[in-house]
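*Asks:* Sending over a structure as structure tokens; questions will come in a sec.
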Ligand code: PFF
């Protein structure tokens, strides 16, 4: 076990779990999951998603935490410490780059959530309001200055939390935001499922239709599982280093996965019944929450209130995930450049503002610049979730399975023998990490390439 390098850590296990759930629950749950379900056969997608999450993603999540807590430093330091090889430091740097790429488009969507929260507070989506939700959204994201302004605001909020530190910033805000998020989504869900005609939406969510489920749906389920659980981006390595030595990592992995998945399904239950109740096509795509929902709110009893609750939830979910992405970059820069937290956060914020601007403008004036048929925004999303996060996940399981090895893995998940983990479960988890997960990831990657 390496000596712990980080100074600021979570004060309690609950703080760690809340922060990790905060990272996991994000735009991926509220923005991406419902439209992926809509496009890939409803419950058929959910079933496959659940299977992948349980069998593959959860062990990878555990492997990341093992590297982080055992290594006790930034992702680069932790990889080197647990593997005993300097070369593994590159894996930590890849994680930092991955977070950077995700953050570049994440802050743009984060900015949209701020704008829509303010709109909802001004009662723009209350019942009876006349809005052209398509024109409103495309006009806003396609313009130059306004979305950049809101993205900058979102970055400032993230930096403010980061600069206060791990304990007082990340831990405190997560403990507050996470329970609130669950309350909000449950309230919206209750309104949605009690709408006349909502039953069709629930049936769609819970009755599998495999005729719309293709091989691409399988890849989408794997990618979404990684994205939603924040895997392959060194997030859990970073938070792992702040985790108390006494914490039961296996239990934490289970709690984080179950909470994130439960939240995604709750989000589906909050959105799909309303979509069906108003006779809208469920496979609307990425515009679902910014175009379809505002339209629905204006036609729904209590629509104005629901729009406020929904956009508060979307904003909080985006913010807590953004904090975790930012923290990976900040912790890495503090280590690599040997600078203070404040300086590292400032550098990250400046560079992110620039890359965020490019992503934002690629929805408007820079639309014509495409790489492999995708604008820069979509390309950042595609590359990070389909390529870099998968690569990160692969490096994690290879490092733990083949370099950390079984005795050290067992020692870490039992906290040096003080925490009980059933032996057969520990064996299965290690088997998945060493053999099954690498095979699944490699086969998937090859199938994307060829
Ligand atoms: N899990 C987040 C979401 O579902 O929106 C996205 C994310 C956060 C990915 C942090 C990776 C990460 F390190």
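*Asks:* Could you check the range 208-231 and list, in sequence order, the residues that are at negative phi, under 11 Å from the mean Cα position of the chain (by Cα) and assigned to a loop (DSSP other than H, G, I, E, B)?
*Replies:* Those that are at negative phi, under 11 Å from the mean Cα position of the chain (by Cα) and assigned to a loop (DSSP other than H, G, I, E, B): 229, 231.
Matching residues to (1) within 16 Å of residue 26 (Cα to Cα); (2) assigned to a loop (DSSP other than H, G, I, E, B); (3) touching a residue at least 24 places away in the same chain (Cβ under 8 Å); (4) within 16 Å of the ligand (Cβ to nearest atom):
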position	(1), (2), (3), (4)
250	no, no, yes, no
258	yes, no, no, yes
284	no, yes, yes, no
299	no, yes, yes, no
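*Asks:* Okay, moving on. Looking only at residues in the range 305-314 that are surrounded by fewer than 22 Cβ atoms within 10 Å (Cβ to Cβ) and in contact with a helix residue (DSSP H, G or I) (Cβ under 7 Å, 6 or more places away or on another chain), which one is farthest from residue 125 (Cα to Cα)? Let's see the steps before the verdict.
*Replies:* So in the range 305-314, the residues surrounded by fewer than 22 Cβ atoms within 10 Å (Cβ to Cβ) come out as 305, 308-309, 312.
Filter once more, so that each one left must be in contact with a helix residue (DSSP H, G or I) (Cβ under 7 Å, 6 or more places away or on another chain): 308-309, 312.
Working: 308: 9, 309: 12, 312: 14 Å.
By that ranking, first place goes to 312.
*Asks:* Condition first: out of contact with any helix residue (DSSP H, G or I) (no Cβ under 7 Å at 6 or more places or on another chain) and either part of a loop (DSSP other than H, G, I, E, B) or at positive phi (or both). Now tell me which residues in the range 166-198 satisfy that.
*Replies:* Residue satisfying the conditions is 194 alone.
*Asks:* Just one of (1) modelled with pLDDT under 95; (2) surrounded by 14 or more Cβ atoms within 10 Å (Cβ to Cβ); (3) within 30 Å of residue 52 (Cβ to Cβ) trips up residue 215, so point out which.
*Replies:* For residue 215, the exception is condition (2).
*Asks:* Would a scan of the range 130-146 turn up a residue that is over 17 Å from the mean Cα position of the chain (by Cα) and within 30 Å of residue 256 (Cα to Cα)?
*Replies:* Filtering the range 130-146 down to residues over 17 Å from the mean Cα position of the chain (by Cα) leaves 130-146.
When the remaining residues are screened for being within 30 Å of residue 256 (Cα to Cα), the result is none.
Taking every residue of the range 130-146 in turn, none turns out to be over 17 Å from the mean Cα position of the chain (by Cα) and within 30 Å of residue 256 (Cα to Cα).
*Asks:* Could you tell me whether residue 79 is away from the ligand (no atom under 13 Å from the Cβ), crowded, with 21+ Cβ neighbours inside 10 Å and either in contact (Cβ under 8 Å) with a residue 24 or more places away in the chain or part of a helix (DSSP H, G or I) (or both)?
*Replies:* Details: away from the ligand (no atom under 13 Å from the Cβ): yes; crowded, with 21+ Cβ neighbours inside 10 Å: yes; either in contact (Cβ under 8 Å) with a residue 24 or more places away in the chain or part of a helix (DSSP H, G or I) (or both): yes.
It is true that residue 79 is away from the ligand (no atom under 13 Å from the Cβ), crowded, with 21+ Cβ neighbours inside 10 Å and either in contact (Cβ under 8 Å) with a residue 24 or more places away in the chain or part of a helix (DSSP H, G or I) (or both).
Per-residue answers, yes or no, for (1) surrounded by 24 or more Cβ atoms within 10 Å (Cβ to Cβ); (2) at pLDDT 95 or above; (3) within 12 Å of the ligand (Cβ to nearest atom):
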{"residue": "6", "(1), (2), (3)": "no, no, no"}
{"residue": "17", "(1), (2), (3)": "no, yes, no"}
{"residue": "24", "(1), (2), (3)": "yes, yes, yes"}
{"residue": "30", "(1), (2), (3)": "yes, no, yes"}
{"residue": "33", "(1), (2), (3)": "yes, no, yes"}
{"residue": "38", "(1), (2), (3)": "yes, no, no"}
{"residue": "49", "(1), (2), (3)": "yes, yes, no"}
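*Asks:* Continuing with the same structure: Regarding the range 339-351, can at least one residue be identified that is modelled with pLDDT under 95, assigned to a loop (DSSP other than H, G, I, E, B), closer than 27 Å to residue 231 by Cβ and touching a helix residue (DSSP H, G or I) at 6+ places or on another chain (Cβ under 8 Å)?
*Replies:* Within the range 339-351 (the criterion being modelled with pLDDT under 95, assigned to a loop (DSSP other than H, G, I, E, B), closer than 27 Å to residue 231 by Cβ and touching a helix residue (DSSP H, G or I) at 6+ places or on another chain (Cβ under 8 Å)), the answer is no, since none of the residues qualifies.
*Asks:* List the pairs whose first member sits in the range 371-396 and is over 21 Å from residue 354 (Cα atoms), whose second member is outside any helix (DSSP H, G or I), and whose Cβ atoms are under 6 Å apart, counting only residues at least 6 apart or on separate chains?
*Replies:* 389/232; 389/233; 392/232; 392/233; 393/231; 393/232
*Asks:* Still on this model: What are the residues in the range 360-370 that are outside any loop (DSSP other than H, G, I, E, B) and more than 15 Å from residue 101 (Cα to Cα), if any? I'd like the intermediate steps shown before the answer.
*Replies:* Narrowing the range 360-370 to residues outside any loop (DSSP other than H, G, I, E, B): 360-361, 370.
Passing the criteria: 361, 370.
*Asks:* Here is a follow-up. Please verify whether the range 234-242 includes one or more residues that are at positive phi, within 16 Å of the ligand (Cβ to nearest atom) and surrounded by 17 or more Cβ atoms within 10 Å (Cβ to Cβ).
*Replies:* Looking only at the range 234-242, we keep the residues that are at positive phi, and these are 234.
Remaining after also requiring within 16 Å of the ligand (Cβ to nearest atom): 234.
Okay, now just the ones that are also surrounded by 17 or more Cβ atoms within 10 Å (Cβ to Cβ), so 234.
Scanning the range 234-242, I find at least one residue that is at positive phi, within 16 Å of the ligand (Cβ to nearest atom) and surrounded by 17 or more Cβ atoms within 10 Å (Cβ to Cβ), so the answer is yes.
*Asks:* Give me the residue from the range 320-338 that is more than 11 Å from the ligand (Cβ to nearest atom) and assigned to a helix (DSSP H, G or I) and, out of that set, surrounded by the fewest Cβ atoms within 10 Å (Cβ to Cβ). Spell out how you get there, then give the answer.
*Replies:* To start, the set of residues in the range 320-338 that are more than 11 Å from the ligand (Cβ to nearest atom) comprises 330-338.
Subset that is assigned to a helix (DSSP H, G or I): 330-337.
Working: 330: 28, 331: 30, 332: 26, 333: 21, 334: 19, 335: 21, 336: 16, 337: 11.
If we take residues in the range 320-338 being more than 11 Å from the ligand (Cβ to nearest atom) and assigned to a helix (DSSP H, G or I), then 337 is surrounded by the fewest Cβ atoms within 10 Å (Cβ to Cβ).
The values are calculated or read from the model by the stated rules, or taken from the named source; none is laboratory data. The model shown is predicted, which means the values in this text are computed figures rather than measured ones. So basically every Cβ, Gly included, is an ideal-geometry build from the backbone, and we count neighbours across all protein chains shown.
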